[in-house]
C-alpha cells in the first residue's frame, strides 16, 4: 500500500520559465537515465525480493522516494511551460514552417498531448521503455544495475545543471544530484555487506553456482583479440590476483578452440530456396511439426 503527501519532497521553483528547458527535463523523467526507471527498478526489486527482509524494506523506501523525484520533475516541467502558451500562439499565427521551428525548440506534445504538462517520455518525446527496468532476483546483480542507473542519472542531472541559469532549477537539481550521491553509496554499501566487507567478495555472481563446474582454463583469462599479434598494454585485469581472490589474471591471444559450424539442411516447410536444400543432415522432425506438437 502506498500513501502520498500533498507537499513536495523538496521545493521546486522556476524564476525564468523555459519551454526548451522543460523539454530537456523530460530526459530526467522518462529517459533511460531518468527517475521513472529507477523508481520502477527499485520497486520491482523490492516486490520480487526474497531473503532478509531489510533489503526489501530498503528498496521500498528508496523506490518510493523516487516517485517523489518524478513528482518534482513533473512539477518543474509544468512550471517551465506555464509562460510559454501566449508566445506559442503568436508564433503559430506568424509562421507556416514545420512544427519544430514554430515551437522554437519546444516539444509540441507538451501542448498537443499534455496541455502544458510533463509526459512519461524522454527529451525526444519517446515514451518510457519498461525493458530498461532490471530486477533479476539476484541481490548482487541488481545492486550493480542500481549503481549504474544512479551513476548515469547523476551524470544527466549534472549536465542539466550546467544547461540552466535559473536559480530555482539549479537548486532543485542540486538536491537531486545529492540524492544520487547517497543512492550510489547505498547500493555499494549493500555489495560490501553481502561481500563480507569487500565488494569483490560477492563475485562471481551468482556465487551460488559451483565454480568447479566452470571451465577452469578460461575463467580468469583476459582474451586479447588484436589481430596484430601484439600483447595489450595490460592493467589490473591482466595480471595478479583476481578481484574475487579466487584466481590469477592472465592475458592470452585469442584463438579458435572450436571447429567450423555445420548446420543442417533447411526445414522444407520453412520454404527456403530450392538451391539451399543441401548441406548438413536433414532434421528427424521438421520445426513446423515440433511447433504443432507443442501446441497440440
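For a protection proxy built on the mean count of beta-carbon atoms within 10 angstrom, sort 27-36, 143-152, 260-269, 239-248 highest first, please.
For the peptides 27-36, 143-152, 260-269, 239-248, the packing ranking is 27-36, 143-152, 239-248, 260-269.
Given N residues in the chain, what is Rg(Cα) / (2.2 N^0.38 Å)?
In units of the 2.2 N^0.38 Å rule of thumb, it is 1.39.
If you build a Gaussian network model of the chain, linking Cα atoms that sit under 10 Å apart, which residue out of 22, 254, 141 swings the most?
254
So how far, in whole Å, is the C-alpha centre of segment 1-28 from the one of segment 106-144?
15 Å
What is the projected area of the convex hull of the Cα atoms of segment 19-194, averaged over all directions, in nm²?
10.2 nm²
Working from Cα positions, state the angle (0 to 90°, nearest 10) between the long axis of helix 35-47 and the longest principal axis of the chain.
Tilt of helix 35-47: around 50 degrees.
Restricting to Cα atoms and excluding each atom paired with itself, what does the Kirkwood estimate give for segment 210-257 in Å?
Answer for segment 210-257: a Kirkwood hydrodynamic radius of 11.7 Å.
Quick one: helix 19-30 against the long Cα principal axis of the chain, what's the angle to the nearest 10°, folded into 0 to 90?
40 degrees
Efficiency by 1/(1 + (r/R0)^6): what FRET value for residue 16 and residue 148, r their Cβ-Cβ distance, R0 = 45 Å, to the nearest 0.05?
0.85
Provide Rg over Rh for segment 139-280; use the alpha carbon set for both Rg and the Kirkwood Rh (inverse mean inverse pair distance).
Rounded to two decimals, Rg/Rh equals 1.19.
Could you line up 236, 13 from fewest to most neighbouring Cβ atoms inside 10 Å?
236, 13
Summing -39500 (n - 2.57) over the DSSP H runs of n ≥ 4 in the chain and dividing by its residue number, what mean residue ellipticity at 222 nm do you reach, to the nearest 500 deg cm²/dmol?
Calculated from helices alone, the mean residue ellipticity at 222 nm is -14500 deg cm²/dmol.
Direction-averaged shadow area of the convex hull around the Cα atoms of segment 1-69, nm²?
Over every viewing direction, the Cα hull of segment 1-69 projects on average to 5.8 nm².
I'd like the orientation of helix 53-81 relative to the chain: the angle between its Cα long axis and the longest Cα principal axis, in ° from 0 to 90, rounded to 10.
Computed tilt is about 40 degrees.
Quick one: among 208, 49, 228, which has the greatest mean-square fluctuation in a GNM of the chain with alpha-carbon springs under 10 angstrom?
Maximum fluctuation in the GNM of the chain, among the listed residues, is at 228.
Grab the beta carbon distance between residue 141 and residue 57, set R0 = 22 Å, and tell me the FRET efficiency rounded to 0.05.
That pair, residue 141 with residue 57, gives E of 0.65.
Mind checking the full-extension length gain between residue 185 and residue 112? Use 0.36 nm per residue of separation minus the Cα-Cα distance, one decimal, nm.
Residue separation times 0.36 nm, minus the Cα-Cα distance, leaves 22.2 nm.
Over what distance in Å are the Cα centres of segment 173-210 and segment 233-276 separated?
Taking the Cα centre of segment 233-276 as reference, the centre of segment 173-210 is 30 Å away.
Every read-out reported here was derived from the displayed coordinates using simple, explicitly stated rules and does not represent laboratory data. Values in this document were obtained by computation on a predicted structure and should not be read as measured data. With ideal geometry, Cβ positions are generated from the backbone for all residues, glycine too; neighbour counts draw on all protein chains shown.
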